Amino acid sequence: MPRTTEQVADALRICNDAGQSVVPQGGMTGLAGGAVPRTTDIALSLERMRGIEEIDAAAATISVWAGTTLQDIQQAALDAGFLFPLDLGARGSCQIGGNIATNAGGNAVIRYGMTRDLVLGLEVVLADGRVLDLLNKMIKNNCGYDLKQCFIGSEGTLGVITRAILKLAPQPGETTTLLCALPDYSSAVNLLRRVQRSAGTPQAYELMWQDFFRLGVSWLENPVAPMSDEHPLYVLFESAGPRELLEQTLEAAIEAGEVLDAIMASSHTQARALWKIREATGEFPLRLSPLNFDVSLPIGQIGEFAELCRQRLDQRWPGNHSVYFGHIGDSNLHLTVDCNSLPQPAPILEIEELVYTAVGELGGSVSAEHGIGLLKREFLHHSVSAEARLAMQQLKNSFDPKGILNPGKIL
Ligand code: ZN
């Protein structure tokens, strides 16, 4: 549990000389097993290296230590009149170093991009203890290879991130939350483009298939759906556009047959109640035996993929219960299979193979926002070619020739 960059460098130099493997750890909230050590590894926790170093209002940047929680960064940004737009459920315990190392996503990606898009500079310690000063506040900076990009999403396999300079955004002001029922998948894409043209890119755009919607409603304190639960799809979205403009956009969408029913939240309380349905995912571990997928496909193919997947799952395991939802504006679909609805012991590997094969067939990615870690390593080949995996291995060898950093993850 080092307190300074120098201590991280010392620890890594000693481990590298001894050939001792090291697993960097942040808040331990990752969903792909990237920070899980084996019995022979040393865990290097960044949690004592926390705090905000500086907010530069002119540059709209915040400089932080890697062990700072996401929520502390969000709060510091708010207090300074800005928004730090990265947001995910684990905000209170996840650490920014881990968010960067996994290139975390979340609900606001559609508007502000992935973690990668919010990082301007990094300080990184290499396996042999060398410190790379890649700290930078400038948007335009084309000085050769952009080395920091190698470490974003590398899940601790190429170096240990110790400090970061992040982009801040202006606060969006009042936002409006809407729930719309849709007749089919293509309407979800058409509605998104329509809203983008009129009111700008939404702050969030969360699609829920009927099965997910019904499940989310059934878990509400007062389990009454805010509109009929007979519709095929529902989208929950949040826009910073003027309400009048949103109303006009909705009217046009209803006229075009893209929207069957709609609710525009008239208060913060009503907006929170609508979000509660989408946030049913937080209760998955308590109420289901969930096998969660986080995949990515070109936005036009997501509807087709969901149908194909459901068809194959139903054919192989009749009566299985799976639900579909996702941040489709970012081409990201989540699906969860409840293992309680399957023969026991649940055929987890077989289900994973079925889903990832379908992802590969449609040209998708086996990880959208959670990373590869341990859990998806065996499936990487469905979306990364042999040549590209070899290039990844060569990059790994050049930064960490003894292979001490997080061995067995990703590759
Ligand atoms: Zn997600």
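What is the distance, in nm, between label points placed 7 Å from the Cα along the Cα-to-Cβ direction at L135 and at T269? The answer from the label model is 4.8 nm. Dipole orientation for the stretch 134-219: of the candidates A169, S218, P202, A169 has the Cα lying most toward the positive pole (charges on Cβ; Lys, Arg +1; Asp, Glu -1).
The phi-based Karplus calculation (6.51 cos²θ - 1.76 cosθ + 1.60; θ = phi - 60°) puts the 3J(HN,Hα) values of the stretch 35-41 at 10, 8, x, 8, 5, 8, 8 Hz, whole numbers, x for Gly and Pro. Calculated mean residue ellipticity, 222 nm, the chain: -9500 deg cm²/dmol, from DSSP H runs (n ≥ 4) at -39500 (n - 2.57) each, averaged per residue and rounded to 500. Around the amide H of L168, modelled in the peptide plane, lie the amide H atoms of T61, I62, all under 5 Å away and 5 or more residues distant in sequence or on another chain. Taking amide H atoms as placed 1.01 Å from N in the peptide plane, the amide H of L333 lies under 5 Å from those of V295, S296, L297, each 5 or more residues away in sequence or on another chain. Evaluated with a Cβ-only charge set (Lys, Arg +1; Asp, Glu -1), the stretch 270-411 carries a dipole of roughly 360 debye about its Cα centre, given to the nearest 20.
Potential lengthening of the chain between R13 and A80 amounts to 20.3 nm, from the contour at 0.36 nm per residue minus the alpha-carbon distance.
Rg and Dmax over the alpha-carbon atoms of the stretch 149-254 stand at 18.4, 52 Å.
Of all DSSP-defined beta bridges confined to the chain, some 90% are antiparallel rather than parallel.
In a DSSP loop and with at most 11 other Cβ atoms within 10 Å, the GluC sites (Glu not before Pro) in the stretch 134-211 are E174. Applying the Karplus relation 6.51 cos²θ - 1.76 cosθ + 1.60 with θ = phi - 60° to the stretch 72-82 yields 3J(HN,Hα) values of 5, 5, 4, 5, 4, 5, 4, 4, 8, x, 10 Hz, where x marks Gly and Pro.
Can you list the GluC sites (Glu not before Pro) in the stretch 230-301 that are in a DSSP coil and have 15 or fewer other beta carbons within 10 angstrom?
Here the sparse-neighbourhood loop sites are E230.
Compute the label zone of S186 within the stretch 348-391: residues whose backbone N is under 20 Å from the point 7 Å along Cα-to-Cβ. Taking a point 7 Å out along Cα→Cβ of S186, the residues of the stretch 348-391 whose backbone N falls under 20 Å are 362.
The slack in the chain from L245 to E221, taken as 0.36 nm per residue of separation less the alpha-carbon distance, amounts to 5.3 nm. Here the label points at M1 and D314, each 7 Å from Cα along the C-beta direction, are separated by 5.2 nm in the simple model.
When the Cα positions of P285, V384, G106 are compared along the charge dipole of the chain, V384 comes out farthest toward the positive end, with charges on each C-beta of Lys, Arg, Asp and Glu. Annotation for the stretch 82-147: chymotrypsin sites (Phe, Trp or Tyr not before Pro) lying in DSSP loop with at most 10 further Cβ atoms inside 10 Å of their Cβ are Y145. Three principal axis extents of the stretch 272-342 based on alpha-carbon atoms, in descending order, are 36, 33, 17 Å. Across the stretch 262-272, coupling constants 3J(HN,Hα) worked out from phi with the 6.51/-1.76/1.60 Karplus curve, θ = phi - 60°, read 8, 10, 10, 4, 9, 8, 4, 4, 5, 4, 4 Hz, and Gly and Pro carry x. Annotation: S266 carries an accessible surface of approximately 100 Å², with a 1.4 Å probe and no ligand, DNA or RNA atoms counted. Dipole orientation for the chain: of the candidates M138, G329, L297, M138 has the Cα lying most toward the positive pole (charges on Cβ; Lys, Arg +1; Asp, Glu -1).
For L122, the residues whose modelled amide H falls within less than 5 Å of its own, excluding neighbours fewer than 5 places apart on the same chain, are L134, L135, N136, I165.
Extension gain, E54-Q344: 0.36 nm per intervening residue step, less the Cα-Cα distance, totals 99.1 nm.
The values are calculated or read from the model by the stated rules, or taken from the named source; none is laboratory data. Just so it is clear, the structure is predicted and the values come from calculations on it, not from any experiment. Cβ atoms come from the backbone with ideal geometry, glycine included; neighbour counts cover every protein chain shown. Side chains included, ligands, DNA and RNA excluded: accessible areas come from the protein's heavy atoms. Shrake-Rupley method; radii C 1.70, N 1.55, O 1.52, S 1.80 Å.
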